[in-house]
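Just below is one structure, and these are the notes that go with it.
The values are calculated or read from the model by the stated rules, or taken from the named source; none is laboratory data. The shown structure was predicted, so the numbers you read here are calculated from the model rather than taken from an experiment. Cβ placement follows ideal geometry from the backbone for every residue including glycine, while neighbour counts extend to all protein chains displayed.
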Amino acid sequence: MAVCSTVALMKLMKIKSLSIAINLLASLLVLEIIVGIFVHYVFKISYNNYIINLFQNPVMLVMPSITKELYRRCAWLPITAILFPGLVLSYLRRFDKTRGTYLYFIIGLISFYAGSVLWMVIDLETVHSLPFAIISEPITIVIVLIYSTRRN
């Protein structure tokens, strides 16, 4: 159900400009930072565990972990962590399509992939899991903004 919801929302919502895309990602980032810090220091549990208990399964994508760890067999990823960057990537693809290039889409995709890999590495090393958006989205925002300002 989470995959279907993600695809349906990406088809329904369209971003019109890069500033709207950056504001969308920045607002999600601020929200996840505030909630992540609040959950970590008030409830003294992992952010992902709290979100799983709060929302249950339909808004989470479950992926098996690569390494075997005690009390941790799967990685739980909220659909918002994929939906909003997916909306930004779809905007970058549409922007490139109007210009006849694939530069912004490829830069955005590579930067989001690099941020995702960095989140996985950091998440394996920390005791409490961090929100996905705290690491992957700033990297995507910064790299796309640097590239767009240097290009124009």
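Selection of first residues in region 126-151 that are touching a residue at least 40 places away in the same chain (Cβ under 8 Å) and of second residues that are in a helix (DSSP H, G or I) and of a type in the set (S, T, N, Q), restricted to Cβ pairs under 6 Å at least 6 apart or on distinct chains, gives the following pairs, ordered by first then second residue: Ser129/Asn48; Ser136/Ser116; Thr140/Ser111. Flag not set for Ile66, criterion: of a type in the set (A, V, I, L, M, F, W, C) and either closer than 24 Å to Ile141 by Cβ or at pLDDT 80 or above (or both).
Can you tell me which residue in region 38-63 is modelled with the highest pLDDT, limited to those that are loosely packed, with under 11 Cβ neighbours inside 10 Å and in a helix (DSSP H, G or I)?
To start, the set of residues in region 38-63 that are loosely packed, with under 11 Cβ neighbours inside 10 Å comprises 41-42, 44, 53-54, 56, 58, 63.
Now drop any that are not in a helix (DSSP H, G or I), which leaves 41-42, 53-54.
Details: Tyr41: 79, Val42: 82, Asn53: 67, Leu54: 69.
Among residues in region 38-63 that are loosely packed, with under 11 Cβ neighbours inside 10 Å and in a helix (DSSP H, G or I), the one modelled with the highest pLDDT is Val42.
Kindly indicate the residue of region 1-37 that is among the basic types (Lys, Arg) and part of a loop (DSSP other than H, G, I, E, B) and also modelled with the highest pLDDT among those meeting that condition. Steps first, please.
From region 1-37, those among the basic types (Lys, Arg) are 11, 14, 16; that's our starting set.
Narrowing further to those that are part of a loop (DSSP other than H, G, I, E, B): 14, 16.
Numbers: Lys14: 74, Lys16: 81.
Among those that are among the basic types (Lys, Arg) and part of a loop (DSSP other than H, G, I, E, B), it is Lys16.
Taken over region 101-140, residues that are hydrophobic (A, V, I, L, M, F, W, C), touching a helix residue (DSSP H, G or I) at 6+ places or on another chain (Cβ under 8 Å), in a helix (DSSP H, G or I) and within 24 Å of Ile34 (Cα to Cα) amount to 10.
Residue check: Thr98 meets all listed conditions (1) at pLDDT 85 or above; (2) in contact with a helix residue (DSSP H, G or I) (Cβ under 9 Å, 6 or more places away or on another chain) but one, namely (2). Do you know which residues across region 113-140 are under 16 Å from Leu28 (Cα atoms), surrounded by fewer than 22 Cβ atoms within 10 Å (Cβ to Cβ) and of a type in the set (A, V, I, L, M, F, W, C)? The answer is Leu130, Ile134, Ile135, Ile139.
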